[in-house]
Amino acid sequence: MNTHQLTIAGYLLILAAGFALWFATRKGDDKRLTSLHIMFTHLMRYRGTRLGMIVFWWWLGWHFLVTVIHR
């Protein structure tokens, strides 16, 4: 297994864990886990978090969308 395949496997594992957590929090039975909607609603109250999300989306778009267009 080369590093490219290892990186892709790592990202797929993170994606699968994210979906597993999302499905686990959708029922709302477990009080230890909150839903993503409630978590983002709570986090977006703060200006720093909103600014961080804007910077994150800008970085994501710049590195994955703009560089693809310029190739």
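Residues in segment 38-50 that are open to solvent by 100 Å² or more (accessible area, probe 1.4 Å) and over 16 Å from the mean Cα position of the chain (by Cα): ARG45, TYR46, ARG47. Counting only residues that are closer than 26 Å to ILE54 by Cα and open to solvent by 100 Å² or more (accessible area, probe 1.4 Å), how many does segment 27-37 have? Going through segment 27-37 one residue at a time, the tally reaches 1. Sub-8 Å Cβ pairs linking a first residue in segment 1-21 that is loosely packed, with under 10 Cβ neighbours inside 10 Å to a second residue that is of a type in the set (Gly, Ala, Ser), at least 6 apart or interchain, are MET1/ALA9, ordered by first then second residue.
The values are calculated or read from the model by the stated rules, or taken from the named source; none is laboratory data. Only a predicted model underlies this, so the values are computations on that prediction, with no experimental measurement involved. In this analysis, Cβ positions are derived from the backbone assuming ideal geometry, glycine residues included, and neighbour counts consider all displayed protein chains. With ligands, DNA and RNA removed, areas are computed over all heavy atoms of the protein, side chains included. Shrake-Rupley method; radii C 1.70, N 1.55, O 1.52, S 1.80 Å.
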